[in-house]
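Everything below concerns the one structure shown next.
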Amino acid sequence: MAATVSSERDTVATPVQRAFREALYAGVISFGLFVLFIGLRTDQNISNELILVQRWGLLAIVVGAVAVGRFLYVAYAIPAMERSKAEKAAAPAVVAEPGFIKQNFNKIGATVLILYPIAMVLLFGFQGSLKWVDNFGIQILIYVMLAWGLNIVVGLAGLLDLGYVAFYAVGAYAYALLGTHFGLSFWILLPAAGAMAAFWGVMLGFPVLRLRGDYLAIVTLAFGEIIRLVLINWREVTNGSAGISGIPKVSFFGLMSFNVSDPNYIAKVLHIAQSGAYYKIFLYYLALGLCFLTAFVTIRLRRLPVGRAWEALREDEIACRSLGINTTTTKLTAFATGAMFGGFAGSFFAARQGFVSPESFVFLESAIILAIVVLGGMGSLGGIAVAALVMIGGTEILRELDFLKAVFGPDFTPELYRMLLFGMAMVIVMLWKPRGFVGSREPTAFLKERRAVSSSFTKEGHG
Amino acid sequence: MNATPSSKDFILQVEHLSMKFGGLVAIGDLSFQARRGEITALIGPNGAGKTTVFNCITGFYKPSEGMITLNRNDGSTYLLERLPNHEIPARAKVARTFQNIRLFSGMTLLENLLVAQHNKLMKASGYTVLGLFGVPSYRKASAESIELAKYWLEKADLVERADDPAGDLPYGAQRRLEIARAMCTGPELLCLDEPAAGLNPKESAALNDLLMGIKATGTSILLIEHDMSVVMQISDHVVVLEYGRKISDGNPQSVRTDPRVIAAYLGVDDEEVETVLTEVGDEDVIEQLDIGPDAAHGPGNSASMMAGPVSDTVEHGDEGERVTVSKGASKAAQVDARAASIASKPVAPPPATKSAPAAKPAAKTGTAKADTKKPATKAPTKAKGISNRLDAPRGGKADSLIRIKGIGPVNERKLNEHGIFHFDQIAAWKKADIEAAEAYLAFDGRIAREDWIGQAKTLAKEVAAKPATGGGRK
């Protein structure tokens, strides 16, 4: 605003002089803007009359802050930025050797994840670790699994799916219904739930084969809602909004149970103290195992012809057809594979909660999973895992920030602001890294050396 | 498929191919063959329908009519118009490239070539199931596919950049990569859509080498190209299209000297265009000519065969349903007309000169379509069986036959060629005459159905009642 001074005077004035002048302008303009907004406030007195409250002190603080801010920005911040820019330009271009962490990111990540529950138990004890293993560890891993599943559909095949939560729901309800009615074990129901979800993935895939882009997104969105509405209204089977409770716990491969009343309860078998943490830690490793399975299959699939066909489909569907690739089956396999991992995650979710209801499968879940995929960088497993950590872990950690109450007063509940902060964080990340945390793409085959493909060449797909 | 022994010499046979988009005829009744092991070039001006032919052959369009037969080297035969899009490369072994390059730009060169071997690798990986567990047979197939990719990268002179993204390549290299990718599908017929477009002379020469190398491996090539240096140097056979029809077909030398091809590409002289357009009956041209009367360019000093090529697409089929390019747009057709006019001029000077003055008043009243200058010389050779034909219209001026419902300008011209100029002539037709007329106009029973005779009788009476007002069009 205040930068409308002519360039002639710029050349004459020193930065401090110019900053002083611009600070003055900024102060005047902010005074003009805020005099009615902040300086005066309408209120009601006891006798219900409208009165004008004058807040000149607050106005002075705001105007002063603007003027000082402008002064500091023009006098010191701008010259400093220009100096650093000039230095960077002058310095010879050095190819930055990727650091140790960057080089071994996957190995370090896997090690950290494996050691995480042990560290938590050591730090907080069995009872104290519950929160950290369950709310953070398992919760994040479920979303990692979901996002990696959706990554196959959106990131690799380039088919925008806004109804992914439907497959999550199918997996969860498949587990819940078969588990409660037939008492089948988790290890049978896990593949069954995956197969069921994959089946529904193909069911969704067939009608939307001809659709692309926005149209595909709308239809998948509708599909997600249909599944949720069926779950709510088909009371005889799904018990409607009340949901299904009493879902059997996962057993330790049938050898040990986590139910205190059972004769083979883990504490009794191993002669250790009774604690609910065992089950959570077991579930954590189970989720981690499922995540590793998802990652392994995804990495393998990418190097197989079908995975290359998915990526080729994302790049150019017409060229795919000219090379003899059956785009119909390719799209359907992408839907089915993505849905299968959604089903795995769903059945795990049901086993962990012990209760499912349609409330867990709203559109917001789809949006969050998609946001994780986009934020992490479509197609990159590492980036997506980090994005899940940031997004899910970030919202969970806001619950823990009790000290904020000291700053903003006892009424302040940070959880209520988590979605706001979440949105702001996403906007900032997308401005800073438009293609997500990891925008580049790892080639699936190479002749001489594996070089990452820059995000400027990859396409997002047309649907 | 009743494949005759000779058909085995041709890898591709296109018969009576037509492609219509709504009312627009992109390809009209096109037939040609591509010999096995040869480079066949498909050339023509912009909008001639070359790419549409390609899209029909490679299954991106389903042709409206016609048959496209592909004879594979192993003797099997495929009807391409019946195969689904993706099965044409997979089973019939036809690969193609695109006019606007379609590479997988975010994938490396090597990956691009591996995607092209999808079907082979899918089988080797047991449709993913075996490949997921990394069975040795898949590993072997995978290594072989990389070898094949490497072979074609070397051929295309791109092996140095195998691990770079395809989108990072310069334009000429992208063209070569697209050809290499098509070759990785193991095609027997390679269809290239303008491979030399946008290449500099050096790149163009490199492309020629690459194509000759591909030809040497026994792959037949069908090529769309604008760059005549490429076409003339490497092709064995050239098919020339204009406005969806074939105007020439032969070896490069014969095509190069074909006046119709030259006209299609270079156009004809302005004077010739005017002459021809006048013959065709283009009202704009005639009006322009009338503004500044010019005896030298007056209409009617030649005969016309224009009814043939230009009006073909208008003619057969239901009236008004087809749309075709404006009259006189086809340069090749103009040459046909020119040639015909030269041929007929010495034969029939008297009626031509005689009819010339009569044409002008007719043109002025806006009845340019009334083709008064029809030569008598043509008629006898064609019109057989119509009894009461005249050598020339009475009084040098014909009735406007289009006033009869069912007769359009084209049929009017055809009737005129048969020596039918007046309503009373039609009114006097006997059964045999009707049959003869129908045979020539390719109408079945339409003359009787639409009661041309009855209409002609009433119109003849009208004309008799108030003569010489000119056959104004409704």
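Which one of these is more than 20 Å from A:G338 (Cβ to Cβ) and assigned by TED's automatic domain parsing to the domain that holds A:L370: A:G179, A:G213, A:G201?
A:G179
Whether any residue in the range B:105-115 is under 24 Å from A:L304 (Cβ atoms), of a type in the set (S, T, N, Q) and in a strand (DSSP E or B) is what I want to check.
yes
Each row is one residue, and each column tells you yes or no for (1) under 18 Å from B:G186 (Cβ atoms); (2) acidic (D, E); (3) out of contact with any Lys or Arg (no Cβ under 8 Å at 6 or more places or on another chain).
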residue: B:D74; (1), (2), (3): yes, yes, yes
residue: B:K93; (1), (2), (3): yes, no, no
residue: B:S105; (1), (2), (3): no, no, no
residue: B:L121; (1), (2), (3): yes, no, yes
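Restricting the first residue to the range A:363-381 and requiring it to be without any contact (Cβ under 8 Å) to a residue 24 or more places away in the chain, which pairs with a second residue that is surrounded by 24 or more Cβ atoms within 10 Å (Cβ to Cβ) and assigned to a helix (DSSP H, G or I) meet a Cβ separation below 8 Å and a spacing of at least six or different chains?
Note: no pairs meet the criteria.
So that you can scan it fast, the table gives a plain yes or no per residue for (1) within 29 Å of the chain's Cα centre (by Cα); (2) under 30 Å from A:I369 (Cα atoms); (3) at pLDDT 90 or above:
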site: A:Q54; (1), (2), (3): no, no, no
site: A:E82; (1), (2), (3): no, no, no
site: A:E87; (1), (2), (3): no, no, no
site: A:V94; (1), (2), (3): no, no, no
site: A:I114; (1), (2), (3): yes, yes, no
site: A:P117; (1), (2), (3): yes, yes, no
site: A:L122; (1), (2), (3): yes, no, no
site: A:F136; (1), (2), (3): yes, yes, no
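From the list B:A149, B:A143, which residue is within 12 Å of chain A (Cβ to nearest Cβ) and more than 39 Å from the chain's Cα centre (by Cα)?
After applying the criteria, what remains is B:A143.
For the range B:77-93, which residues satisfy the criterion of being within 9 Å of chain A (Cβ to nearest Cβ) and either among the hydroxyl-bearing types (S, T, Y) or not in a loop (DSSP other than H, G, I, E, B) (or both)?
Hits for the range B:77-93 are B:E87, B:I88, B:P89, B:A90.
Could you tell me whether the range A:374-382 includes any residue that is touching a Leu at 6+ places or on another chain (Cβ under 8 Å) and part of a helix (DSSP H, G or I)?
No: the range A:374-382 contains no residue that is touching a Leu at 6+ places or on another chain (Cβ under 8 Å) and part of a helix (DSSP H, G or I).
From B:Y151, B:Y243, which residue is among the aromatic types (F, W, Y) and over 18 Å from B:A95 (Cβ atoms)?
Exactly one of B:Y151, B:Y243 is among the aromatic types (F, W, Y) and over 18 Å from B:A95 (Cβ atoms), namely B:Y243.
For the range A:229-270, how many residues are over 26 Å from A:F361 (Cα atoms) and outside any loop (DSSP other than H, G, I, E, B)?
9
Report, by residue number, each residue of the range A:244-270 that is touching a residue at least 60 places away in the same chain (Cβ under 8 Å) and surrounded by fewer than 19 Cβ atoms within 10 Å (Cβ to Cβ).
Listed by number, the residues that qualify are A:S245, A:G246, A:K249, A:S251, A:F253, A:G254.
State yes or no: is A:M430 surrounded by fewer than 16 Cβ atoms within 10 Å (Cβ to Cβ), within 23 Å of the chain's Cα centre (by Cα), within 24 Å of A:R314 (Cβ to Cβ) and at pLDDT 80 or above?
So A:M430 passes the test.
How about the range A:49-90: which of its residues are β-branched (V, I, T) and within 12 Å of A:A26 (Cα to Cα)?
A:V62, A:V63, A:V66, A:V68, A:V74
Can you tell me which residue in the range B:111-127 is farthest from the other protein chains (Cβ to nearest Cβ), limited to those that are more than 41 Å from the chain's Cα centre (by Cα) and farther than 11 Å from B:S142 by Cα?
B:G126
Which of the following residues is over 13 Å from the mean Cα position of the chain (by Cα) and more than 11 Å from chain B (Cβ to nearest Cβ): A:F422, A:F446, A:F412, A:F457?
The unique qualifying residue is A:F412.
Kindly indicate whether any position in the range B:199-209 is in a strand (DSSP E or B) and either assigned by TED's automatic domain parsing to the domain that holds B:T40 or of a type in the set (S, T, Y) (or both).
Among the residues of the range B:199-209, not one is in a strand (DSSP E or B) and either assigned by TED's automatic domain parsing to the domain that holds B:T40 or of a type in the set (S, T, Y) (or both), which makes the answer no.
Do we have B:V53 as aliphatic (A, V, I, L, M), part of a helix (DSSP H, G or I), surrounded by 21 or more Cβ atoms within 10 Å (Cβ to Cβ) and outside the structural domain of B:K120 (by TED's automatic domain parsing) here?
Judged against the criteria, B:V53 is a match.
Determine which member of the set A:R451, A:R435, A:R399 is within 14 Å of another protein chain (Cβ to nearest Cβ) and either part of a helix (DSSP H, G or I) or surrounded by fewer than 18 Cβ atoms within 10 Å (Cβ to Cβ) (or both).
A:R451
Only one residue in B:L130, B:L190 is among the aliphatic types (A, V, I, L, M) and assigned to a strand (DSSP E or B), so which one is that?
B:L190
Please identify the pairs in which a residue from the range B:125-154 that is touching a residue at least 60 places away in the same chain (Cβ under 8 Å) has its Cβ atom under 8 Å from the Cβ atom of a residue that is of a type outside the set (K, R) and in a helix (DSSP H, G or I), counting only partners at least 6 apart or on another chain.
Short answer, once both residue conditions are applied: none.
Given the range A:271-334, what helices (runs of 4 or more DSSP H) lie entirely inside it while holding 2 or more residues that are surrounded by fewer than 23 Cβ atoms within 10 Å (Cβ to Cβ)?
Helices (runs of 4 or more DSSP H) meeting the threshold: A:277-303, A:317-322.
Only residues that are more than 8 Å from chain A (Cβ to nearest Cβ) and hydroxyl-bearing (S, T, Y): list them for the range B:128-137, please.
B:S137, the sole residue that qualifies.
In the set B:R96, B:R102, which member is facing another protein chain (nearest Cβ under 8 Å) and out of contact with any Cys (no Cβ under 8 Å at 6 or more places or on another chain)?
B:R102
Under 7 Å between Cβ atoms, at least 6 apart or on separate chains: pull out the pairs that start in the range A:66-92 with a residue that is part of a helix (DSSP H, G or I) and end on any residue that is polar (S, T, N, Q).
Sorted first by the residue in the range A:66-92, then by its partner, the pairs are A:V66/A:S30.
The values are calculated or read from the model by the stated rules, or taken from the named source; none is laboratory data. These numbers come from a predicted model, not from an experiment. Cβ sites come from the backbone with ideal geometry, for glycine too, and all protein chains shown count toward neighbours.
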